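The values are calculated or read from the model by the stated rules, or taken from the named source; none is laboratory data. Here the structure is a predicted model, which is why all the values come from computation and not from measurement. With ideal geometry, Cβ positions are generated from the backbone for all residues, glycine too; neighbour counts draw on all protein chains shown.
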Amino acid sequence: MEGAARALAHRSLFVRLGRWSSVLYGLAGLVLGFLVSIGLGVFTPAGAGGVASALAGVFTSPGSWPLAFPYYAAILFSAVGLAVAYRSGFITIGADGQLIVGMVVAFWLLYFHGMGLAVALIVAGLVGALYGLAVAVLRVWLGVNETLSSLMLNYVAVALVNYLVGGPWSSGGFTKTPLLPSSVSMSVSSAALLATLSAVGVWLLYRYTRLGVAVDAVGGSRRAAETYGASFAKTILVVALLGGFLGGLGGAVYLVAGQRQITSLNIYQGLGYGYMGILAAWLAWLNPLATIASSLFIALLYLANTGLQLQGVPWSFALGFQAVIVLFVTAFLRLSRREA
Amino acid sequence: MRPVLQLTVLLQQALPEATVLALAAYGELLLERSGRINLGLEGLLYFAYGAAAAASVATGSPLAGVVAAIAAAFALNIIYYSAVELLGVDQVVTGLALVFLGMGLGDIAGNSTHGAAGPTLPSTPFYISTLVVLPMLLYLFLYRHWRGYALRSLGEDEEAAKHLGISSHGYRLAAVAVEAVLVGLAAAFFLMGYSNGRWTAGRITGKGWLALGMVILGYWNPVGVAVASYLLGLLYSLQPLLPSLLPSSPVYTVLADAAPYLAVIVALAVMSRLYERRGLKPPAAVWRA
Amino acid sequence: MPGGSGVLVEARCIWKRYPGGVVANKCVSLTIRRGEVLGLLGENGAGKTTFVSILAGLVKPDKGEIIVKGQPVVFSSPRDAVRKGIVLVPQNPRLVDSFTVAENVMLALRLAGKAVSLGEARRIVHEVGERYGLRVDPDARVWRLSMGERQRAEIAKALALGAELLLLDEPTTHLSPKEAGALMKLSRSLAEESRSVVLITHRLREVLGVADRIAVMRHGELVGVVEASKASRELLLEMMFGERRTVHRLSRRRGPGSIPVLRVHNLWVRGEHKTYAVRGVSLEVREGEVVGIAGVAGNGQRELFEALVGIRRPEKGRIIVDDADVTKLGGAARGWLGVAVIPEDRLGWALVPGRSLVFNTALGLYSSPRGPYRGPLVDWGAARRLTQEIVEKMKVKTSGLDVPVESLSGGNMQRFILGREMAKKPRLILAMNPASGLDVAATESVHRLLLEAADNGAGLLVISEDLDELLEISDRILVINRGRIVYESSRPFEFRKIADAMAS
């Protein structure tokens, strides 16, 4: 009897250690990725030291974090939808385009039609959902690869913005629209809160509704999913609608709480936060709840980088930095699985 | 006389775009035939572009530019190989991360030129080798040489290939290396044959993604890829003409800008349907359509 | 009849342990003589496939030696084994589907170090075909070939590689009884040429007719080797199972009812390559009835199963479950109507790999009214309780409910799947090769459970390549050949007639 009890205690200890060891491996990857990225700073005008101090500056002063909240909101709205999409095997990179489309719709409603904020946010989300739906429809009924089609739609969104900003919505020059009136506003904290609550909502959907089972089933084995009734087509369509809605909403929130106007874009950067959302989703190991933390982390990294840009460090350095960390973390987590 | 002249000009203007796309796509074609997909192609191309600029401007030697471009693409592909083949990390996340890493590194490298123009290279040899010679060579390799069969068997049925004794690691390493060389050449050409040796941030954006599309549209066949790349090149050379051809209206202006991208989506839709109809399938493990 | 002179291959004390603790081979020592047909007998899971995989260079042994023609060898890949003349003909043909037979042979020869062109490979396939009666078209794409033809192509490939030792792993699995007979004759002619053939099988019947010696494995150990002349059924059974095994006659409490649960009318289904795989199949399954569909693999069974299950749309015809026409509907409708599905592949079709048992329970019952769901919400507590019930009732050996499902052994996986499907209290059970790869004990429990379900009123449709299985459990047997039902019979079954119907 005692021996059995001891054996049982041992086993649960191993199980707990096992789970902890993944976390340890992940942290090790994080730290190593961090260091390597800082090392890459050597090649930038700011030098490794400059990069390190910018990072230290941001991470050690929580008072500065609210500056990153608009980015956090945009990134999180993207990431949480992407996390669910990637789980189902739907590899879309269209979050950035959805953000842009959401911004455009919100600006149109708020600036030109004086709509209420809530209405503008919801409509932006709905249009974003349609934008996402397009990719899913192309995939489900025409077999078009979603990575490429979603990217193309991103580029189309950029073309749309440039046309609007350079033409009918121009504020004089050709690079930006006028600012939103001060009657329309949202504090950065509200934006962050809204994003966080949305992420929690998605997690609840994933964890406690059939959608979660369907998503994991379709992503794990489409055959098994379809056999037992979790339809591939329906799941992909829902996932795309959800991600698109969140993207559109995120773009609107970012507009109101952050940028307050629309500026011209290039296809190279796009808006950018949608792409960072991809990295945030993978960094969170596709766990919707964990995207909250990973998005904040990535937003802070980006904030640090905006300061560095003044020293001549390219905008994309932030992306590269984030990418290195994602690579190290995923590699280390994979290693920990191998040990298991 | 005028329309004919315009036509030949158009046909010729399609070449540079086609060359960049095709070169990058050939490498990816080999990799996808071996059963893997490298979504990081865009990042590889971007980093190679920046590296070519940094090296060629610094040394004044076009050869240095080519070598640097290849080395840059190779460095990223070694990360891809190690992570995906050796560690078993998911190829999607690795590829996507490499896109962003490549962009970051490419900008750092390219910025070091401070906008200076470096040496240039003659374009014609590139056109001929990329659109005529290489597709033939690759075709012969894939369909006539036994090692081409071996490579394809990896993509068709990895289990069977393993039973035959084909080393998946070996062939994929070779594919990854060849891809790096071709991507390096594509980037070097883009810089020194097409952009007069001057690096501009973001100029090569999208070509890597388009190259991925070319592999699909060319049905994983070198000749198909060459044709698809050329057709897209034609579309690019037509693009400036579009505004004068279409009625001037806001919708059409946006459409004109977005034309290449929309065209790719339409082409993919049409081709996917066609493949589906004729019961054709991509190399098994690759695009899960 | 006696084996030729000299030892060709000797294996000394081969050990192999798989991660997860299973010891597949425990100090297995065996000699294979030149010019003999050696039967390697043992039930599923005894370690036979592991052993021959080691001989063929596919798997590396943990300990032990292999000696070929007097020289010790170490194989780092199948190519090394092929160079020494040892070729494995696997149970499932491993040719590249989209290539032709000749292209496959050319590739194999090239990898073995023999520089041949495609034309030469074609000629070789012709020659081998002529000499040994292995008719197969060198220019046919492998996906077009039947299972029997594919196996002929595999053997032709092995002979083209100059195999002196052919390891045939469960070769008759996908063959009709006639083709199996031809294969046995071929083994004898190869032996007469001083080649050696090892026939790996779990079927006594096959080995007794053709082997010179019979080696028996059990639980990873070599129990013994007997001369065929001295071997009897009883002796071999005792060696295989370690005790006098009595064959348990599975009995039924109730017979079939009269109400049909499944009606299929004139079903036409297209296969992978746009040709019709199912051509006008009609059948009916009543309450409490077990209907078996026999046939050699590749005659439309898979497509028929997929259409019945709801993941492949038929072109023509109707599928009716309990008065509901589900032809154009998917798995969800079937689940709602109380259809249970036991597919052929456990991992990847019945189960989602990488996920826990609890998750797989939730997925399995996604559409069932008895699933752990309340509307759109998932009740994970109920899912856990259900999984626990299944594990206890079916005696599934697992280290927990949250472990990934692939950590279970094949037998335990199947027990779990069965338990999960039975939890639906199904009206109709669709099963395909339910006992494939399972040892006798597990097979028996699978059959017992299926018959229990039938006794409780469910209708069963079992599609199987294992004729013995169907003869044991079915009330009626249908034979499918080239997409059509060509024969139907109730008990008592006439083996001859069924075998003839299965022949191509």
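Observations on the structure shown:
- Residues located in segment C:93-113, provided they are outside any helix (DSSP H, G or I), more than 9 Å from chain B (Cβ to nearest Cβ) and in contact (Cβ under 8 Å) with a residue 40 or more places away in the chain: C:100
- In the set (1) in a loop (DSSP other than H, G, I, E, B); (2) modelled with pLDDT of 95 or more; (3) aliphatic (A, V, I, L, M), residue B:24 fails one condition alone, (1).
- Some residue of segment A:241-257 being surrounded by fewer than 24 Cβ atoms within 10 Å (Cβ to Cβ) and closer than 28 Å to residue B:104 by Cα: yes
- Residue satisfying condition, being within 25 Å of residue B:229 (Cβ to Cβ), within 9 Å of chain A (Cβ to nearest Cβ) and either buried (at least 23 other Cβ atoms within 10 Å of the Cβ) or at pLDDT 95 or above (or both), within set B:50, B:110: B:110
- Of everything in segment C:325-377 that is surrounded by fewer than 21 Cβ atoms within 10 Å (Cβ to Cβ) and part of a strand (DSSP E or B), the residue that is modelled with the lowest pLDDT is C:347.
- For residue A:270, the conditions (1) within 14 Å of chain B (Cβ to nearest Cβ); (2) farther than 25 Å from residue A:26 by Cβ; (3) surrounded by fewer than 20 Cβ atoms within 10 Å (Cβ to Cβ) are fulfilled apart from (3).
- Selection status of residue B:193, assigned to a helix (DSSP H, G or I), surrounded by 19 or more Cβ atoms within 10 Å (Cβ to Cβ), within 14 Å of chain A (Cβ to nearest Cβ) and in contact (Cβ under 8 Å) with a residue 12 or more places away in the chain: no
- Across segment C:32-55, the number of residues qualifying as outside any helix (DSSP H, G or I) and either more than 17 Å from the chain's Cα centre (by Cα) or not polar (S, T, N, Q) (or both) comes to 15.
- Test: residue in segment C:183-199 that is in contact with a Lys or Arg (Cβ under 8 Å, 6 or more places away or on another chain), surrounded by fewer than 23 Cβ atoms within 10 Å (Cβ to Cβ), in contact (Cβ under 8 Å) with a residue 24 or more places away in the chain and among the charged types (D, E, K, R): no
- Failed condition for residue A:136, given (1) more than 10 Å from chain B (Cβ to nearest Cβ); (2) among the aliphatic types (A, V, I, L, M); (3) within 20 Å of residue B:263 (Cα to Cα); (4) more than 20 Å from the chain's Cα centre (by Cα): (4)
- Residues being under 20 Å from residue A:105 (Cβ atoms), more than 14 Å from chain B (Cβ to nearest Cβ), buried (at least 16 other Cβ atoms within 10 Å of the Cβ) and out of contact with any Ser or Thr (no Cβ under 6 Å at 6 or more places or on another chain) are entirely absent from segment A:215-224.
- Counted as qualifying within segment A:9-120 are the helices (runs of 4 or more DSSP H) with 3 or more residues that are at pLDDT 90 or above and in the same structural domain as residue A:209 (by TED's automatic domain parsing), namely A:69-87, A:95-107.
- Selection within segment C:284-318 - over 14 Å from residue C:260 (Cα atoms) and of a type in the set (Asp, Glu): C:303, C:306, C:315
- Count of residues meeting criterion [more than 22 Å from residue C:334 (Cβ to Cβ) and either part of a helix (DSSP H, G or I) or of a type in the set (A, V, I, L, M) (or both)] in segment C:388-404: 9
- Yes/no for residue A:297 being more than 21 Å from residue A:83 (Cα to Cα) and outside any loop (DSSP other than H, G, I, E, B): no
- Breaking point among (1) touching a helix residue (DSSP H, G or I) at 6+ places or on another chain (Cβ under 7 Å); (2) surrounded by fewer than 17 Cβ atoms within 10 Å (Cβ to Cβ); (3) under 21 Å from residue A:73 (Cβ atoms), for residue A:186: (2)
- Being farther than 21 Å from residue A:77 by Cα and in contact with a Leu (Cβ under 6 Å, 6 or more places away or on another chain) holds for only one residue in A:281, A:331, and it is A:331.
- Test result for residue C:396, within 13 Å of chain A (Cβ to nearest Cβ) and among the hydrophobic types (A, V, I, L, M, F, W, C): no
- Among (1) within 26 Å of residue A:281 (Cβ to Cβ); (2) of a type outside the set (Ser, Thr, Tyr); (3) buried (at least 20 other Cβ atoms within 10 Å of the Cβ), the one test that residue B:24 misses: (1)
- Residue in segment B:10-30 that is within 30 Å of residue B:159 (Cβ to Cβ) and in contact with a Pro (Cβ under 7 Å, 6 or more places away or on another chain) present: yes
Residue-wise test of (1) farther than 22 Å from residue C:216 by Cβ; (2) surrounded by fewer than 23 Cβ atoms within 10 Å (Cβ to Cβ).
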site	(1), (2)
C:66	no, yes
C:74	yes, yes
C:77	yes, yes
C:82	yes, no
C:86	no, no
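- From the list A:69, A:107, the one residue that fits, being more than 14 Å from chain B (Cβ to nearest Cβ) and over 20 Å from the mean Cα position of the chain (by Cα), is A:107.
- Residue within segment A:309-331 that is in a helix (DSSP H, G or I), without any contact (Cβ under 8 Å) to a residue 12 or more places away in the chain and within 22 Å of residue B:46 (Cβ to Cβ) present: yes
- Filter result for residue C:157 (in a helix (DSSP H, G or I) and more than 9 Å from chain B (Cβ to nearest Cβ)): yes
- Only one entry of B:67, B:93, B:84 meets the criterion of being within 13 Å of chain A (Cβ to nearest Cβ), more than 19 Å from residue B:214 (Cα to Cα), surrounded by fewer than 24 Cβ atoms within 10 Å (Cβ to Cβ) and among the aliphatic types (A, V, I, L, M), and that entry is B:84.
- Residue in segment C:405-412 that is crowded, with 22+ Cβ neighbours inside 10 Å, hydroxyl-bearing (Ser, Thr, Tyr) and within 30 Å of residue C:241 (Cα to Cα) present: no
- Only one of A:196, A:263, A:227, A:235 that is touching a residue at least 40 places away in the same chain (Cβ under 8 Å) and surrounded by 24 or more Cβ atoms within 10 Å (Cβ to Cβ): A:235
- Positions within segment C:138-170 being over 21 Å from residue C:190 (Cα atoms) and over 22 Å from the mean Cα position of the chain (by Cα), in sequence order: C:138, C:139, C:140, C:141
- Selection count where residues are of a type outside the set (A, V, I, L, M, F, W, C) and more than 8 Å from chain B (Cβ to nearest Cβ), scope segment A:139-191: 19
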